[in-house]
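Inspection log for the structure reproduced underneath, given as structure tokens.
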Amino acid sequence: MSQARLFDMGDSNLLRLQLSESHWGPSPSVRAALDRERERLHLYPDPSAHILRQSISAFHGVAAEQVLIGNGSDEVLLLLALAYLAKRRIVAVTPGFPGYAISSRLAGAQVEIVQQTELGVGLDDIMTRPRADAAFICHPNNPTGGIVSKSALAAFVAQMDRDRTLAIVDEAYAEFAGADFASAIPFVREGSEIAVLRTFSKAYGLAALRVGYIIAPRAVIAAMEQVRASLPFSVNHLAQVAAHAALSDQAHLGHVQSLTAQSREEFCARLAAMNVPFLRSDTNFVAVGPLPDAGRLTVELERRHGILVRHLKSFGLPNFIRISMPMPDALPRVVNAISLCLAASLNREAV
């Protein structure tokens with residue numbers, strides 16, 4: 001698949017389910033706020049994102065000095081790596097988001113990737129390894145969609161504190177998780193050595209504007225601020241305004257959460273009815289597999305049905321694909337395409 005087609009937003013027949021985007025879009029308040037700012041496009045943005053920073057700190061009950069905002073979680077992750085992880089020993093799990101290792105190695109860190117013994121989040125796999133300077137977990141996990149209990153998360157944080165290991169918890173999909181989800185942000189408030197990443201790209205529907213943030217101890221944020229001084233305007237004004245408006249409309253977020261959960265439940269029920277294996281998810285995507293040829297299925301879904309999905313080879317799950325939850329009217333198209341492609345695969349094997 002070419003990069004041009006991957007990001008071809010003008011093709012109305014192409015169903016983009018490969019990047020975990022929210023197809024319900026942002027709050028109407030976001031659109032209204034952006035309309036009001038059209039006359040300010042000639043002005044530089046606030047490099048500190050003061051208004052957004054204050055609203056995030058108030059929303060999560062932390063000090064503004066414990067918050068840093070970046071051009072998506074990717075920039076926040078890179079700033080953290082450059083500021084705090086250089087020449088240190090880092091541990092992360094696979095299956096998992098590959099960006100942790102990429103940014104850490106770019107900063108000169110020594111990275112150990114640990115295989116998950118059970119597909120989920122991988123806390124136990126990290127806790128049984130020798131001490132590291134920092135440990136990454138993704139919660140809910142990308143790409144498995146799994147979560148852990150509050151007690152399991154508390155035990156993990158306690159061990160990281162004893163080991164003086166910076167626990168870095170990526171909560172990009174936290175808003176999609178249900179009532180059983182336990183965020184790591186309260187541990188920051190309690191003084192643990194922990195950093196939590198969040199984003200407006202997923203449930204808040206602002207992927208095009210790129211706004212992410214981190215909540216961490218003041219010393220970590222101060223070190224990151226020094227690195228970011230070379231890119232003072234990385235978060236543009238419209239992105240700051242949109243994120244502030246999105247955070248202020250929790251009713252819309254609740255609507256998105258409910259519709260996403262309904263779509264996910266219906267999708268999984270249809271997969272189960274077809275005896276197609278999948279992993280239980282607490283996010284806006286489902287990892288489908290194990291499959292006999294996930295790579296070929298990815299290609300066939302795009303070529304024959306115009307549906308883009310993510311082959312999870314780079315995430316450590318070569319026999320799986322990841323599918324973002326579509327709008328309800330597109331669900332039958334997706335399920336039917338999967339059924340046809342898998343049937344064609346079985347016919348090829350039978351020849």
All but one of (1) of a type in the set (Gly, Ala, Ser); (2) under 30 Å from ILE113 (Cβ atoms); (3) not assigned by TED's automatic domain parsing to the domain that holds SER73 hold for SER230; which doesn't?
(3)
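Quick grid of which residues meet (1) in contact with a Lys or Arg (Cβ under 7 Å, 6 or more places away or on another chain); (2) modelled with pLDDT of 95 or more; (3) hydroxyl-bearing (Ser, Thr, Tyr); (4) at positive phi:
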| site | (1), (2), (3), (4) |
| --- | --- |
| ASN141 | no, yes, no, no |
| ALA152 | no, yes, no, no |
| MET160 | no, yes, no, no |
| THR165 | yes, yes, yes, no |
| ASP180 | no, no, no, no |
| ALA184 | no, yes, no, no |
| VAL188 | no, yes, no, no |
Return yes or no: is ALA182 crowded, with 23+ Cβ neighbours inside 10 Å, over 14 Å from the mean Cα position of the chain (by Cα) and not in a helix (DSSP H, G or I)?
no
Only one of these conditions is not met by SER104: (1) surrounded by fewer than 19 Cβ atoms within 10 Å (Cβ to Cβ); (2) out of contact with any Ser or Thr (no Cβ under 7 Å at 6 or more places or on another chain); (3) at pLDDT 95 or above; (4) among the hydroxyl-bearing types (Ser, Thr, Tyr). Which number is it?
(1)
Just checking, how many residues over the stretch 152-174 are surrounded by 22 or more Cβ atoms within 10 Å (Cβ to Cβ), part of a helix (DSSP H, G or I) and in contact with a Leu (Cβ under 9 Å, 6 or more places away or on another chain)?
3
Kindly list, by first and then second residue, each pair from a residue in the stretch 187-207 that is within 22 Å of ALA167 (Cβ to Cβ) and touching a residue at least 12 places away in the same chain (Cβ under 8 Å) to a residue that is of a type outside the set (A, V, I, L, M) and part of a strand (DSSP E or B), limited to pairs with Cβ atoms under 7 Å and residues at least 6 apart or on different chains.
LEU197/ASP170; LEU197/GLY212; ARG198/GLY212; ARG198/TYR213; THR199/GLY212
Selection within the stretch 208-221 - among the small types (Gly, Ala, Ser) and in contact (Cβ under 8 Å) with a residue 12 or more places away in the chain:
GLY212, ALA216
Test of understanding: among SER55, SER149, which residue is surrounded by fewer than 23 Cβ atoms within 10 Å (Cβ to Cβ), in the same structural domain as ILE194 (by TED's automatic domain parsing) and in contact with a His (Cβ under 6 Å, 6 or more places away or on another chain)?
SER55
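Each row is one residue, and each column tells you yes or no for (1) touching a strand residue (DSSP E or B) at 6+ places or on another chain (Cβ under 7 Å); (2) crowded, with 21+ Cβ neighbours inside 10 Å; (3) of a type in the set (A, V, I, L, M, F, W, C); (4) not in a helix (DSSP H, G or I).
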position: GLY178; (1), (2), (3), (4): no, no, no, yes
position: LEU197; (1), (2), (3), (4): yes, yes, yes, yes
position: TYR204; (1), (2), (3), (4): no, yes, no, yes
position: TYR213; (1), (2), (3), (4): yes, yes, no, yes
position: ALA219; (1), (2), (3), (4): no, no, yes, no
position: ALA223; (1), (2), (3), (4): no, no, yes, no
position: VAL227; (1), (2), (3), (4): no, no, yes, no
position: ALA245; (1), (2), (3), (4): no, yes, yes, no
Return the residues of the stretch 30-51 that are part of a helix (DSSP H, G or I) and within 18 Å of ALA229 (Cα to Cα); say none if nothing qualifies.
HIS50
Going by the conditions given, is ARG270 basic (Lys, Arg), within 18 Å of VAL62 (Cβ to Cβ) and more than 21 Å from the chain's Cα centre (by Cα)?
no
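The values are calculated or read from the model by the stated rules, or taken from the named source; none is laboratory data. Owing to the predicted nature of the structure, the values given are computational and were not obtained by experimental measurement. Cβ sites come from the backbone with ideal geometry, for glycine too, and all protein chains shown count toward neighbours.
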